[in-house]
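Before any comments, here is the structure.
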Amino acid sequence: MSRIVIEKYGDNPERSELILDFELDTSRGYTIGRHPSNDVQIDHASISRMHALLFHHNGQWVIADLDSTKGLSCKDERFRSATLFDEMCVTMGPARLWFAEGPEHSSEPPRGLANHIDVLQIETVSPQGTGGTQSFCLAGFRNVSVGSDSECDIRLENPDVSPLHAIVFRRNDQWFVTSTDERRLESTGEENPAPGTFIELGDGRSGRCGCLVFSLIRALPI
């Protein structure tokens, strides 16, 4: 199975401390950051509260920066998002993430009674105005890929939609949307919102990524 190894180093890059070594599950995504609510916690001041997102798409693992201060880099080249390859090393602040490719593993989604149902709404906006809204149930998902590519979980046939346009992902009981390129998202439902590479959805907040506006409806099960 594919796996990642994360190590932290101090003033001397040749001396490092192993933080984590674990196998990746293709049925889910992983948030990486300083806050303990992340799937992978790196407790260091140079790591942002929610620093990066690791997700599986089209048979490959992808890592994306989430508006972090120090960003992500490979061989001293900073990037917004990148597809991981065997033995690739990604640097984030004082930490290094090593990726080892292997046969993929996917577990069954957790089952049980939910106290609510989350529905993702995607509105298509064109220069002529709104082009319609589609709804998708998020039950059983940890992250959802949206784009024009046939491998996306939600495929939208629109010339203005990129092959991998956005990723909607969950951290604990919160849903977020992030772009997969240099595009900045615009938030609505907040006072003086600042554009960013990811936005929390719900509680009246929505996020626009290019021609798509993402919002969340949380309903009680019948």
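Residues that are of a type in the set (S, T, N, Q), under 14 Å from Gly210 (Cα atoms) and without any contact (Cβ under 8 Å) to a residue 60 or more places away in the chain within segment 151-178 comprise Asn158, Ser162, listed in sequence order.
Just so you know, in segment 1-39 the residues that are acidic (Asp, Glu), part of a loop (DSSP other than H, G, I, E, B) and over 29 Å from Leu164 (Cβ atoms) include one that is modelled with the lowest pLDDT, and it is Asp11. When restricted to residues that are assigned to a loop (DSSP other than H, G, I, E, B) and not aromatic (Phe, Trp, Tyr), segment 53-97 contains 17.
Do the conditions hold for Arg80, that is, is it modelled with pLDDT of 90 or more, surrounded by fewer than 19 Cβ atoms within 10 Å (Cβ to Cβ) and within 26 Å of Val146 (Cα to Cα)? Spelling it out, Arg80 is indeed modelled with pLDDT of 90 or more, surrounded by fewer than 19 Cβ atoms within 10 Å (Cβ to Cβ) and within 26 Å of Val146 (Cα to Cα). Screening segment 146-199 for strands (runs of 3 or more DSSP E) wholly inside it with 1 or more residues that are closer than 26 Å to Thr26 by Cα and either at pLDDT below 95 or outside the structural domain of Ile63 (by the TED database) (or both) returns the ranges 166-171, 174-179. The residue that is nearest to Ala166 (Cα to Cα), among those in segment 40-52 that are touching a Ser or Thr at 6+ places or on another chain (Cβ under 8 Å) and not in a loop (DSSP other than H, G, I, E, B), is Ala52.
Candidates are the residues of segment 9-65 that are buried (at least 18 other Cβ atoms within 10 Å of the Cβ) and among the basic types (Lys, Arg); the one that is farthest from the chain's Cα centre (by Cα) is Arg34.
The values are calculated or read from the model by the stated rules, or taken from the named source; none is laboratory data. None of the values given here were measured: they were computed from a predicted structure. Cβ coordinates were reconstructed from backbone atoms using ideal geometry, including for glycine residues, and neighbour counts include every protein chain displayed.
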